[in-house]
1. Go through the range 1-58 and give me each residue that's farther than 22 Å from Ser301 by Cα and β-branched (Val, Ile, Thr).
2. Given the criterion buried (at least 18 other Cβ atoms within 10 Å of the Cβ) and at pLDDT below 90, identify the matching residue among Gly296, Gly265, Gly232.
3. Collect the residues in the range 98-125 that are at pLDDT below 95, of a type in the set (S, T, N, Q) and within 22 Å of the chain's Cα centre (by Cα), keeping them in residue-number order.
4. Going by the conditions given, is Lys179 surrounded by fewer than 16 Cβ atoms within 10 Å (Cβ to Cβ), touching a Ser or Thr at 6+ places or on another chain (Cβ under 7 Å) and farther than 25 Å from Ala270 by Cβ?
5. Kindly indicate whether Arg246 is open to solvent by 10 Å² or more (accessible area, probe 1.4 Å) and in contact with an Asp or Glu (Cβ under 8 Å, 6 or more places away or on another chain).
6. Look at Ser93 and say whether it is in contact with a strand residue (DSSP E or B) (Cβ under 7 Å, 6 or more places away or on another chain), exposed (fewer than 13 other Cβ atoms within 10 Å of the Cβ) and either touching a residue at least 24 places away in the same chain (Cβ under 8 Å) or more than 22 Å from Ala291 (Cβ to Cβ) (or both).
7. Cβ-Cβ under 8 Å, sequence separation 6+ or interchain: first residue in the range 258-275 and closer than 17 Å to Ala306 by Cβ, partner acidic (Asp, Glu) and open to solvent by 10 Å² or more (accessible area, probe 1.4 Å). Which pairs?
8. Scan the range 50-67 and tell me whether some residue there is surrounded by fewer than 14 Cβ atoms within 10 Å (Cβ to Cβ), without any contact (Cβ under 8 Å) to a residue 12 or more places away in the chain and not small (Gly, Ala, Ser).
Amino acid sequence: MAHILTITLNPTVDLSTTTASVEAGPKLRCVTPEADPGGGGINVSRAIKFLGGESTAFTAVGGETGAQLLRLLAKEHVRFTAFSVTGGATRQSIAVTEQETGQQYRFVMPGPYWNHEMVNESLNAIAQAAPASGVVVLSGSQPPGVPMDYPARLARHLAAKGVQLFVDTSGQPLHELVKHTANPYVLRMDDVEAEDLAGHPLPTREDTADFASELVAKGVAENVIVARGADGSTLANATGRWHASRAINPEEVVSAVGAGDSFVGAFSLALTHGDTMQEALRFGTAAASAAVLSAGTQLCSSKEVARLLPGCDLIAL
């Protein structure tokens, strides 16, 4: 079985809590917060662990918050490789759920600043840590100072390792990846990002598939996945286009936190098992569905994924 390395440049200690109501002015008394290790790649590794798989989380850390993050990873028995940063302490983020309405408020900090030397050192360190012919997942936001074309640079650094690079990014780094095509094995984005890239709405699954196919034809990535929220996910490559639908009702959704990372974790794990792209798409969709049934910063569980997988329908577009 191929090994998986996840990459988190801007990790966080995720705090989740609740309060009666959220309003400006008075002190808002919250319950004791729960702390979880967070950040795109870290959550992908955690999801893989929850699904019975193994990976190594390559994560940048700094200061006492970084030390706390590593303790939390060790507590969950997630293997990690720490990359020390000097631009400040690892960030914290907080999710506050309002008890009266069930609405969730998420506050995300920027993270420590990276200089040019740290960027180059990280690329070399990742290339050394990457498993030959394995799966490498770059997921999550970039800290201040990291160049917007970092995903493309990483793809070039990993070219000689024969890895399957999975990039899950957004914002300007996603735009730069489209401009400076590095052709990663998989590129994933959500529907908002896809519409922003396309410059027009993508109301139907067919519209999404057409756009994803255009990116494949341009050499942006071998496989392009677009998450369509509650509708599921669409995948396109040179051989076809498919859509996997979610197996839950909207009223069952508890929290959207972690759905994307659970998808990426399950999808990557399926690749290492030798599953087809279609099977991996269904497995990832089931994991995303399981994640939204969990509160706070919790992710998918193998029990829920197994329950929901039969209901994730796959259709060709």
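1. Thr18, Thr19, Val22, Val31, Thr32, listed by residue number.
2. Gly296
3. Across the range 98-125, the qualifying residue is only Gln104.
4. no
5. Against the criterion (open to solvent by 10 Å² or more (accessible area, probe 1.4 Å) and in contact with an Asp or Glu (Cβ under 8 Å, 6 or more places away or on another chain)), Arg246 qualifies.
6. No, not satisfied.
7. The qualifying pairs are Ala270/Glu279.
8. Checked against the condition, which is being surrounded by fewer than 14 Cβ atoms within 10 Å (Cβ to Cβ), without any contact (Cβ under 8 Å) to a residue 12 or more places away in the chain and not small (Gly, Ala, Ser), the range 50-67 yields no hits at all.
The values are calculated or read from the model by the stated rules, or taken from the named source; none is laboratory data. On a predicted model such as this, the values are computed, not experimentally measured, just so you know. All Cβ positions, glycine included, derive from the backbone under ideal geometry; neighbour counts span all protein chains shown. When the accessible area is computed, the model is the full protein with side chains, heavy atoms only, and any ligands, DNA or RNA have been set aside. Shrake-Rupley method; radii C 1.70, N 1.55, O 1.52, S 1.80 Å.
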